[in-house]
Amino acid sequence: MRAAGVLVLFATVASAEPYAVGGTLRPFSLADQHGARASVGEEVRLLLLSRDMGAGDIVKGALGDADQRFLDERRAVYLADVSGMPAMIRRMFALPKMRKRPYRVLIDEDGTVARDFPRVEGKPTLVLLDRLRITRIDHPASASELGRALESAPR
């Protein structure tokens with residue numbers, strides 16, 4: 001019985017294909033840094049994903065003093081994968097800092113949403129969407145590069 005469960009789990013994980021241009025994003029819902037649920041569906045045009053401190057610093061630098069309205073105008077969502085962070089550090093330091101930000105940050109605590117996106121260490125992932133269809137994936141190397149991408153993205 002246990003072997004069958006492991007086999008089903010392996011088959012589920014193995015069947016998940018990584019996202020790529022031309023693919024379709026599966027809608028999802030996560031809690032933000034304040035615990036409020038938010039969904040990502042057809043209305044989202046930009047998905048911004050950070051998985052490590054370097055990527056998070058680039059996003060924070062690009063957004064600067066921007067508020068939620070800035071993201072809403074671009075139909076953008078920011079997703080932070082914190083699964084690699086020890087739970088105690090996340091609770092005591094990371095989430096309290098995120099709560100001070102004037103924009104929503106969806107929190108992927110176990111990495112299940114973020115795992116299928118391409119990753120470049122130290123850089124955020126910027127996914128452009130058209131009704132959940134992935135039209136472009138970029139990995140900006142600096143806050144200014146990400147800022148330019150956010151400003152020029154279709155709305």
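The values are calculated or read from the model by the stated rules, or taken from the named source; none is laboratory data. Since we're looking at a predicted model, the values are computed, not measured. Cβ coordinates were reconstructed from backbone atoms using ideal geometry, including for glycine residues, and neighbour counts include every protein chain displayed.
What do you reckon, is Ala76 within 20 Å of Arg155 (Cβ to Cβ), touching a helix residue (DSSP H, G or I) at 6+ places or on another chain (Cβ under 6 Å), in contact (Cβ under 8 Å) with a residue 60 or more places away in the chain and crowded, with 19+ Cβ neighbours inside 10 Å?
no
Mind listing whichever residues of region 117-149 are under 24 Å from Leu95 (Cβ atoms) and outside any strand (DSSP E or B)?
Passing the criteria: Phe117, Arg119, Glu121, Gly122, Pro124, Ala143, Leu146.
Take the residues in region 57-69 that are surrounded by 21 or more Cβ atoms within 10 Å (Cβ to Cβ) and either out of contact with any Phe, Trp or Tyr (no Cβ under 9 Å at 6 or more places or on another chain) or at pLDDT below 95 (or both), then tell me which one is nearest to Val120 (Cα to Cα).
Ile58
Can you tell me how many residues within region 35-52 are exposed (fewer than 13 other Cβ atoms within 10 Å of the Cβ), more than 14 Å from Ile134 (Cα to Cα) and either in contact (Cβ under 8 Å) with a residue 60 or more places away in the chain or over 14 Å from the mean Cα position of the chain (by Cα) (or both)?
Selection size over region 35-52: 3.
Give me the pairs: first residue in region 81-98 and over 24 Å from Pro118 (Cα atoms), second residue surrounded by 17 or more Cβ atoms within 10 Å (Cβ to Cβ) and not basic (Lys, Arg), beta-carbon distance under 7 Å, and six or more apart or on different chains, which are they?
As it stands, the answer is Leu95/Gln33, since those pairs meet every condition given.
Filter region 125-150 down to the residues that are out of contact with any Gly (no Cβ under 9 Å at 6 or more places or on another chain), loosely packed, with under 14 Cβ neighbours inside 10 Å and either closer than 10 Å to Ala62 by Cα or hydroxyl-bearing (Ser, Thr, Tyr) (or both) and list them by number.
Arg148
Of all residues being assigned to a loop (DSSP other than H, G, I, E, B) and hydrophobic (A, V, I, L, M, F, W, C) in region 103-116, which is surrounded by the most Cβ atoms within 10 Å (Cβ to Cβ)? Just the residue, please.
Filtering region 103-116 for residues that are assigned to a loop (DSSP other than H, G, I, E, B) and hydrophobic (A, V, I, L, M, F, W, C), the one surrounded by the most Cβ atoms within 10 Å (Cβ to Cβ) comes out as Val105.
Residue-wise test of (1) farther than 20 Å from Leu25 by Cβ; (2) under 13 Å from the mean Cα position of the chain (by Cα); (3) of a type in the set (Ser, Thr, Tyr).
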site	(1), (2), (3)
Leu95	yes, no, no
Phe117	no, yes, no
Gly122	yes, no, no
Pro140	no, no, no
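Got at least one residue in region 78-92 being within 19 Å of Phe28 (Cα to Cα) and aromatic (Phe, Trp, Tyr)?
Yes: region 78-92 contains one or more residues that are within 19 Å of Phe28 (Cα to Cα) and aromatic (Phe, Trp, Tyr).
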